[in-house]
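> I have a structure I would like to understand better, so I am pasting it below and will then ask my questions one at a time.
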Amino acid sequence: MRIVMVASECEPFAKTGGLADVVDALARALGRRGHAVDVVLPLYRGLRPPDGPLRRRTITVPVGLPPGSRTDAGDVATVDLVDTPADGYRLRLVDHPFSFDRPDYYVDNGADYEDNAARFMLL
């Protein structure tokens, strides 16, 4: 079975708390059971992918609109997906610098980034 896990954190790549530990451990355990597991994670500033081959491709995704309401190319975002093998699963990094190339994952000067909802909807 192919399993896709979309998360804001995954140990050892991005971690602020327990979510990162759980995502990594669950992905590895499912991989050991024979499942094809993808973990989708933002490509945050400073994140270092594991050593190994990197495959990069550009895709467009609809943003900010209900399904079926897309009217023109202005309703999409262009992102790069960077794929690489990790420890028992495939890591898929979403490279969208406007959303994820920031000093912190979630906050700026102690306050949430105002666009967190939009950033993680894009993810």
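The values are calculated or read from the model by the stated rules, or taken from the named source; none is laboratory data. The shown structure was predicted, so the numbers you read here are calculated from the model rather than taken from an experiment. Ideal geometry is used to build each Cβ from the backbone, glycine not excepted, and the neighbour counts take in all protein chains shown. Accessible surface is based on the protein model in full, side chains and every heavy atom, while ligands, DNA and RNA are left aside. Shrake-Rupley method; radii C 1.70, N 1.55, O 1.52, S 1.80 Å.
> Would you be able to say whether some residue in segment 41-64 is over 17 Å from residue 122 (Cα atoms), open to solvent by 50 Å² or more (accessible area, probe 1.4 Å), in a loop (DSSP other than H, G, I, E, B) and at pLDDT 95 or above?
no
> Are any of the residues in segment 80-92 surrounded by 16 or more Cβ atoms within 10 Å (Cβ to Cβ), touching a Cys at 6+ places or on another chain (Cβ under 9 Å) and not in a loop (DSSP other than H, G, I, E, B)?
The answer is yes; a qualifying residue exists.
> Here's something else I'd like to know. Give the residues of segment 32-41 that are in contact (Cβ under 8 Å) with a residue 12 or more places away in the chain and over 20 Å from residue 55 (Cα atoms), sorted by residue number.
Result: 32, 35.
> Restricting attention to segment 17-40, which residues are under 15 Å from residue 105 (Cα atoms) and either in contact with a helix residue (DSSP H, G or I) (Cβ under 6 Å, 6 or more places away or on another chain) or at pLDDT below 95 (or both)?
Selection gives 17 alone.
> Using beta carbons and a limit of 7 Å, which pairs, at least six apart or on different chains, have the first residue in segment 7-28 and surrounded by 14 or more Cβ atoms within 10 Å (Cβ to Cβ) and the second one among the charged types (D, E, K, R) and assigned to a helix (DSSP H, G or I)?
From residues that are surrounded by 14 or more Cβ atoms within 10 Å (Cβ to Cβ), the pairs are 10/24; 11/21; 11/24.
> So residue 36 ticks every box in (1) open to solvent by less than 30 Å² (accessible area, probe 1.4 Å); (2) touching a Lys or Arg at 6+ places or on another chain (Cβ under 7 Å) but one. Which box is left unticked?
(1)
> Looking at segment 100-123 only, could you name the residues that are surrounded by 13 or more Cβ atoms within 10 Å (Cβ to Cβ), at pLDDT 95 or above and not in a loop (DSSP other than H, G, I, E, B)?
Within segment 100-123, 100, 107 qualify.
> Go through segment 14-56 and report how many residues are of a type outside the set (D, E, K, R) and within 14 Å of residue 83 (Cα to Cα).
Of the residues in segment 14-56, 13 are of a type outside the set (D, E, K, R) and within 14 Å of residue 83 (Cα to Cα).
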